[in-house]
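Notes follow the structure.
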Amino acid sequence: MAHQSELIEKDILAYLKSQEEKSLLRFITCGSVDDGKSTLIGRLLWDSKMVFEDQLAALEADSKKVGTQGGAIDYALLLDGLQAEREQGITIDVAYRFFSTDLRKFIVADTPGHEQYTRNMVTGASTAKVAVILVDARKGLLTQTRRHSFLVSLVGIRHIVLAINKMDLIDYDAEKFKRIEDDYREFAEPLGFSSITALPISALNGDNIIEKSANTPWYTGPTLLRFLETVQVEDDRAEQPFRMPVQWVNRPNLDFRGFCGTIAAGIVHPGDEVRVSSSGLVSRVDRVVTMNGDLDEAVAGQAVTLTLKGEIDISRGDMLTVPEAAPLFTRHPEAHLVWLHDEPLRPGQLYLVKSATGITPGRVTDVQYAVDVNTLEQKQVTTLGLNEIGLARLELDRPVPFDPYRENRDTGSFILIDRFTNATVAAGMVSEAVELESHKALLADLEPESGSTWTRRISLSELSATSLNVVDLTAEYGAFILEAPITLLAHLEKGNRVLFRLRDLGQLPAVALLAYEHNLAFEFDRTLEGISVLLFKRGNLPQDRVESDTGTGI
Amino acid sequence: MTSNLTHLQQLEAESIHIIREVVAEFDNPVMLYSIGKDSAVMLHLARKAFYPAPAPFPLLHVDTTWKFREMIQFRDRMVQESGFKLIVHVNEEGVARGVSPFTHGSALYTDVMKTEGLKQALDRYKFDAAFGGARRDEEKSRAKERIFSFRSANHRWDPKNQRPELWSLYNTRIKPGESIRVFPLSNWTELDIWQYIHLENIPIVPLYYAAVRPVVERDGMLIMVDDDRLELKPGEVIQHKSVRFRTLGCYPLTGAVESEADTLPQIIQEMLLTRTSERQGRLIDHDQAGSMEKKKQEGYF
């Protein structure tokens with residue numbers, strides 16, 4: 001912390017003044033195990049004088065005890081906080097680290113490279129503006145390098161630092177460096193990053209981290225710290241149309257009714273027109289209230305309280321926006337899902353969807369495709385497992401205001417929560433609103449059996465095993481019997497679920513009979529769509545979930 | 001773009017968002033108030049979040065009965081000025097057993113009077129969310145803790161099974177008996193806290209400012225003789241030194257630093273020029289390696 005120590009000593013007030021205008025940059029580091037991520041961050045903290053004497057003493061002692069550098073200082077130990085990790089010698093979760101220079105305060109998300117912990121990387125990347133991707137100079141690009149790059153692009157990071165580490169072990173070879181850089185640029189081209197900056201570094205020796213290294217005279221670019229201090233991360237949120245999810249309605253007495261929230265985009269002034277997403281009603285901002293006095297203007301990122309001129313009904317879950325650029329207001333968002341949990345996605349099952357405007361029950365009706373994170377190829381799937389990414393369609397119990405994620409991370413994101421375990425099971429990024437395609441299963445009339453002319457037999461035609469699985473009976477009238485083809489049963493046998501939409505309760509016996517005949521469990525639900533029945537094979541459920549699937553309804 | 005928010009403005013907004021989210025989604029939240037500088041900032045942010053209304057939750061102070069007297073005076077003054085409801089909880093069982101930092105050692109004492117006391121209070125009032133003023137830069141195991149940190153019905157933290165936390169979307173769902181500890185200051189550093197106190201003129205306990213105080217030297221630390229319960233050991237002499245505290249807790253466990261800094265800018269100046277991190281003034285971390293992580297798993301804040 002010795003930056004500007006002279007000014008601190010001589011004129012602390014001037015120093016404090018100079019620090020008030022500092023900006024904030026959040027970045028993420030990612031790489032494979034042993035790429036030296038923790039060492040790199042440890043080095044940044046170390047060289048920017050953020051390590052105190054007592055921490056240094058502890059670090060020296062720990063380096064001798066559990067260090068991997070033969071008793072020399074092991075910078076990684078500054079970061080590997082949890083005891084279990086120290087013993088394993090790897091980072092197992094996201095750690096947040098802080099350091100600052102005279103220009104910026106930095107928040108670093110240190111994330112693991114282990115395949116099974118991809119969820120942690122997505123977590124760390126969700127708030128980051130820059131990604132530092134580490135590559136071992138000896139190994140070049142690995143599968144995980146590609147995976148991490150894809151993930152950070154998916155999560156909306158636009159600036160990449162390709163930190164080619166362990167340059168000391170390839171004798172600071174400029175050609176090898178260039179080859180890795182070229183490989184990377186070629187691979188990353190379709191990901192559409194705004195900038196890619198390749199740096200030859202050695203985290204262990206400190207080459208090109210803070211100081212320019214004498215070992216790489218051929219390298220003329222910035223050091224890592226210099227780059228991080230000066231990179232312009234476009235925060236164009238202030239230029240976008242105004243959006244504020246209403247987080248809390250503040251009503252201490254009859255005379256005050258304030259709408260609290262964090263501005264997700266744009267600017268707001270007293271007198272501006274705002275539109276309520278749920279009702280479409282428009283009012284005018286009266287005051288922008290804060291404890292430090294009313295504001296003439298508030299911008300994206302600020303947490304404020306607005307009062308409006310007219311009395312209109314607004315509650316948590318609403319979004320206030322400019323009238324001429326309303327958000328999507330939909331029950332059927334299409335979104336990229338990153339599955340974060342051991343237990344795979346169950347299409348058709350009800351989850352809780354938490355977005356910027358609160359919690360709404362909803363289900364995934366369809367997985368369009370999954371993306372192979374190594375090749376970026378799309379593949380047909382019926383569900384998503386841990387660390388899998390796919391494009392999915394959702395159906396929410398009520399309409400929710402969203403923006404496309406590429407336009408706004410705050411109003412375009414959501415998480416899925418398991419209703420029974422309360423685990424956070426997926427991260428979602430909205431791409432657009434789509435009309436629900438519910439006629440995936442075609443019904444075919446069969447000849448009525450002799451003697452029962454009043455009954456129609458409806459055969460569920462071939463279901464594509466890779467699509468979902470909504471059978472819409474809402475247009476069917478009269479009594480009928482359902483017949484399921486073998487492909488459908490095989491589909492259910494694999495753990496898939498089929499959602500039946502019914503026009504009325506009179507159709508229930510036919511679905512119940514199907515379940516009865518084939519030993520299927522079902523969940524009954526009544527939603528805005530009408531009556532829904534979810535059929536599934538009980539035996540495929542993990543033990544701990546059996547209690548929740550008693551067929552008694554939601 | 002009209003203006004870029006500064007780092008302090010961004011931190012403030014993030015904290016206010018977190019505090020409001022808790023009030024919107026929990027039935028019975030409480031704010032742990034430890035009287036220190038971080039608590040002072042947290043309380044200030046809570047007032048800002050709900051202005052002009054008072055914050056819709058009480059403060060809870062788990063009193064070990066060994067706090068500095070000036071802390072208690074300050075606490076009562078702040079409660080009066082801010083209009084918060086204050087709940088003071090003392091582990092009476094621990095008091096009845098005569099548990100003190102002198103007779104039982106800092107580890108057992110902290111466990112009984114702080115951790116147990118806290119759990120008792122959370123159970124008694126059935127709080128489903130509790131704000132704490134911990135920061136991620138304080139200690140290594142804190143660096144990995146979520147802002148909304150799940151606790152089992154036994155108040156335990158499972159560091160290997162934390163909920164992923166993305167964007168500013170916090171999973172607030174719990175079952176009856178479970179709770180969430182919420183850390184609105186997670187992303188603040190010690191320097192941020194001091195700068196913000198300076199910028200916003202937030203009152204802090206006078207013990208942070210240097211003054212001549214009676215101290216004894218014990219185990220390499222300067223311990224203030226705050227009342228007559230501190231028994232002098234052989235060879236110990238009460239000295240009067242100009243000292244201040246970088247962190248506040250129970251007086252027998254909190255080391256003073258010699259200092260002349262009696263204004264806020266001087267404190268910040270001293271902090272910037274110093275080379276010793278702030279938790280070193282506390283005995284609690286030194287008991288065993290990874291001690292904070294162990295305590296946290298058991299329910300300590």
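DSSP loop GluC sites (Glu not before Pro) in region A:266-367 with at most 15 other Cβ atoms within 10 Å of their Cβ, which ones?
Qualifying residues, ordered by number: A:E297, A:E311, A:E324.
Of A:L340, A:N422, A:P404, which is farthest towards the positive pole of region A:329-433's charge dipole, taken about the Cα centre with +1 and -1 on the beta-carbons of Lys, Arg and Asp, Glu respectively?
Highest projection toward the positive end goes to A:N422.
I want to check the label-to-label distance for A:L281 and A:A444. Put each point 7 Å from Cα in the C-beta direction and report it in nm to one decimal.
5.3 nm
Across the Cα atoms of region A:238-321, what radius of gyration and what greatest pairwise Cα-Cα distance (Dmax) are found, in Å?
My reading of the Cα-based Rg and Dmax gives 11.4, 35 Å.
Given Cβ point charges of +1 (Lys, Arg) and -1 (Asp, Glu) and nothing else, what value in debye, to the nearest 20, does the dipole of region B:166-263 about its Cα centre take?
440 debye
Determine the order of A:H336, B:H104 by accessible area, beginning with the largest, at a probe radius of 1.4 Å.
I get B:H104, A:H336, largest accessible area first.
List the residues whose amide H sits under 5 Å from the amide H of A:N387, counting only those 5 or more places along or on another chain, with H placed 1.01 Å from N in the peptide plane.
A:W339, A:L340, A:H341
I'd like the FRET efficiency for A:D236 and A:F329, computed as 1/(1 + (r/R0)^6) with the beta carbon distance as r and R0 of 22 Å, rounded to 0.05.
According to the calculation, E is roughly 0.45.
Quick one: of the DSSP bridges fully inside the protein assembly as shown, what percent are antiparallel, nearest 5?
70 percent
What residues qualify as long-range amide H neighbours of A:T197, i.e. H under 5 Å apart, gap of 5 or more or another chain, H built at 1.01 Å from N?
Excluding prolines and chain starts, which carry no amide H, the hits are A:I160, A:V161, A:L162.
Given Cβ point charges of +1 (Lys, Arg) and -1 (Asp, Glu) and nothing else, what value in debye, to the nearest 20, does the dipole of the protein assembly as shown about its Cα centre take?
The dipole of the protein assembly as shown has a size of about 960 debye.
Could you pull out the pairs from A:K10/B:K144; B:K48/B:K126; B:K67/B:K233 whose alpha carbons sit more than 31 Å apart here?
Where the Cα-Cα span goes over 31 Å, the pairs concerned are A:K10/B:K144.
At R0 = 41 Å, how high is the FRET efficiency between A:T474 and A:A61 if r is their beta carbon distance? Nearest 0.05 is fine.
Efficiency at R0 = 41 Å is approximately 0.05.
When chain B is treated as a GNM, springs tying every alpha-carbon pair under 10 Å, which of B:T172, B:T247, B:T103 comes out with the largest mean-square fluctuation?
B:T103
In nanometres, what is the gap between the two model label sites at A:K17 and B:S82, each 7 Å from Cα along Cα-to-Cβ?
Each label point lies 7 Å from its Cα, and together they span 3.1 nm.
If the cut-off is a Cα-Cα distance under 22 Å, which lysines reach A:K178, setting aside same-chain residues fewer than 8 apart in sequence?
A:K37, A:K139, A:K166, A:K212
Give me the Å³ per residue figure for the convex hull around the C-alpha atoms of region A:275-339.
149 Å³
I want to check the label-to-label distance for A:E311 and A:V381. Put each point 7 Å from Cα in the C-beta direction and report it in nm to one decimal.
Going from the A:E311 label point to the A:V381 one covers 5.2 nm.
How would chain B be classified by its alpha-carbon gyration tensor: rounded, prolate or oblate, with rounded meaning a/c under 1.5 and the a/b versus b/c comparison settling the rest?
oblate
A drop of at least 50 square angstrom in accessible area, chain alone versus all protein chains together, probe 1.4 Å. Which residues of region B:137-172 meet that?
Buried by the other chains: B:K140, B:A143, B:K144, B:R146, B:K160, B:P164, B:L166, B:W167, B:L169, B:N171.
Of all the accessible heavy-atom surface of region B:26-170, with the other protein chains kept in place and a 1.4 Å probe, what percent is carbon and sulfur?
With neighbouring chains kept in place, the figure for region B:26-170 is 47 percent.
Pairs A:K17/B:K160; A:K22/B:K140; A:K22/B:K37; A:K105/B:K114; B:K119/B:K160: which are spaced more than 31 Å apart, C-alpha to C-alpha?
Listed pairs above 31 Å: A:K17/B:K160; A:K105/B:K114.
List the accessible area buried at the contact between A and B, summed over both sides and calculated with a 1.4 Å probe, in Å² to the nearest 100.
7200 Å²
Return the loop-located trypsin sites (Lys or Arg not before Pro) in region A:155-251 (DSSP other than H, G, I, E, B) with at most 16 other Cβ atoms within 10 Å of their own Cβ; answer none if there are none.
Loop-located and lightly packed - A:R158, A:K212.
Using the heavy atoms of the protein chains alone and a 1.4 angstrom probe, what is the accessible area of the protein assembly as shown per residue in square angstrom?
Each residue of the protein assembly as shown exposes 39 Å² on average to a 1.4 Å probe.
Run the numbers for A:K10 and A:V249: contour at 0.36 nm per residue of separation, minus the present Cα-Cα distance, in nm.
81.3 nm
Quick check on region A:329-433: what are the equivalent-ellipsoid semi-axes from the Cα gyration tensor, as sqrt(5λ), descending, whole Å?
So the three semi-axes of region A:329-433 are 20, 16, 12 Å.
If amide H atoms are built 1.01 Å from N in the plane of the peptide, which residues on other chains or at least 5 residues away come under 5 Å of the amide H of A:C30?
HN-HN under 5 Å from A:C30: A:V132, A:I133, A:L134.
Just the number, please: Stokes-Einstein D of the protein assembly as shown in µm²/s, Kirkwood Rh from C-alpha pairs, 20 °C, 1.002 mPa s.
For these conditions, the coefficient is 73 µm²/s.
Could you compute the FRET efficiency for B:T263 and A:R398, with r as their C-beta to C-beta distance and R0 at 41 Å, rounded to 0.05?
0.15
Loop only by DSSP, 15 or fewer other Cβ within 10 Å of the Cβ. Give me the GluC sites (Glu not before Pro) in region A:369-419 that pass, ordered by residue number.
Loop-located and lightly packed - A:E377.
The values are calculated or read from the model by the stated rules, or taken from the named source; none is laboratory data. Quantities reported herein were computed from a predicted structural model and do not represent experimental measurements. We place every Cβ from the backbone using ideal geometry, glycine too, and count neighbours over all the protein chains shown. Ligands, DNA and RNA are excluded from the accessible area calculation, which covers all protein heavy atoms including side chains. Shrake-Rupley method; radii C 1.70, N 1.55, O 1.52, S 1.80 Å.
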